[in-house]
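Notes follow once the structure below has been shown.
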Amino acid sequence: MAKLESHIPAGPLAQKWSRHLFESKLVNPANKRKYEVIVVGAGLAGASASATLGELGYRVKNFVYHDSPRRAHSIAAQGGINAAKNYQNDGDSVYRLFYDTIKGGDFRAREANVYRLAEVSAQIIDQCVAQGVPFAREYGGLLDNRSFGGAQVSRTFYARGQTGQQLLLGAYAALCKELAAGSVQSFTHTEMLDLVVVDGHAKGIIVRNLLTGEIARHVADAVVLATGGYGNVFNLSTYARQSNATAIWRAYKRGACFANPCYTQIHPTCIPVSGDYQSKLTLMSESLRNDGRIWVPKDPADRRKDPNAIPESARDYYLERKYPSF
Ligand SMILES: Cc1cc2nc3c(=O)[nH]c(=O)nc-3n(C[C@H](O)[C@H](O)[C@H](O)COP(=O)(O)OP(=O)(O)OC[C@H]3O[C@@H](n4cnc5c(N)ncnc54)[C@H](O)[C@@H]3O)c2cc1C
């Protein structure tokens, strides 16, 4: 029976991770080049991790089964990225973003990690802007925000309906800088087939070159799996067919714990399946979300009427009636 140990640092919620950062042993800059890190995946998680570790001075090898790091499924994300910047002065704070995220995750997420996410959210936006991500701006030039995901504040930073694509281009640019500097090596068309575990620690991977079929092994001091979500367990999710969870499955077979497969990206705003040619659910533009209002006729007899002929007083805005605070 596996022992579950989350390694959440000790201390009060708001200090757990910042204290841990201070208490962790530092690696001298000159020593960093002695350590090698394997990162599997180059979506927003893997590209950022590789670029950051490379910039810090570690030697990084990045592996993807796509033909380019830019093909990662992060490119599909549309709506935006939340940050507690409170630009709108509408009552947002790190604690409110933490609270909303815990609630939105059905109270199943680890509180300390969500708090950390909320805490660094503001810096992530600054980082992305510095990388050149073209977030939407108001006419005055300031960054714009959407109200998203049932939040009562506007804290979502977005780039039209293609935020994931723009963020991925930013992360990819940072990765390219490290590729050019030689701190990161990129292996595309390369599938991780197995994880090498030594004394309970992941120390390497076995890969197959998808063009030549050649099988090879790579060793490192640490392995980061940033291989995306558990998509296709449900037939029609909004994940691409290629998000196939193979890396997670192989790590699981080597003893990694696997939890919450129910956390799969399903969007309520999808175009319904209307033929054999549609192999997955296609997302409607998230630019449409939270704009407009939803209503039905109060009198069922009015259902067949031209909607424009139904006066305001005869419309039932049922969501607003049932959830007045939202
Ligand atoms: C349609 C859609 C809309 C979304 N909208 C939003 C949004 O508005 N806001 C938001 O915050 N989130 C959104 N999300 C969620 C968010 O996009 C994802 O959670 C996030 O981008 C995942 O990033 P990742 O780096 O973990 O994985 P991915 O981008 O999926 O990258 C996985 C990487 O792992 C590699 N890989 C996987 N398996 C292997 C293997 N066996 N061997 C080698 N390489 C492997 C792949 O090549 C790829 O590079 C959306 C998701 C979808 C699908």
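Every number in this text was worked out from the coordinates using simple rules, so none of it is lab data. Quick caveat, the model's predicted, so the values are computed rather than measured. For neighbour counting, all protein chains shown are included, and Cβ atoms are generated from backbone atoms with ideal geometry for every residue, glycine included.
L193 to Q242: FRET efficiency via 1/(1 + (r/R0)^6), r the Cβ-Cβ distance, R0 22 Å, to the nearest 0.05?
0.85
Among G91, G213, G275, which one shows the highest mean-square fluctuation when the chain is modelled as a Gaussian network with alpha-carbon springs under 10 Å?
For the chain, modelled as a Gaussian network with Cα springs under 10 Å, the answer is G275.
State, to one decimal in nm, how far the label point of I206 lies from the label point of I294, with both points 7 Å from Cα in the Cβ direction.
4.9
Amide H of K203: which non-local residues (sequence gap of 5 or more, or other chain) have their own amide H closer than 5 Å, using H built in the peptide plane?
V196, V197, V198
With a point put 7 Å past each Cα toward its Cβ, work out how far A130 is from W249 in nm, to one decimal.
Output for this residue pair reads 4.0 nm.
Roughly what % of Cα-Cα distances in the chain sit above 28 Å, to the whole percent?
Everything past 28 Å amounts to 51 percent.
Quickly rank 126-138, 307-319, 148-160 as a protection proxy: mean count of other C-beta atoms within 10 Å, highest first.
148-160, 126-138, 307-319
Quick check for you: which residues of region 188-204 have the amide N under 17 Å from the point 7 Å beyond the Cα of C257 toward its beta carbon?
200-202
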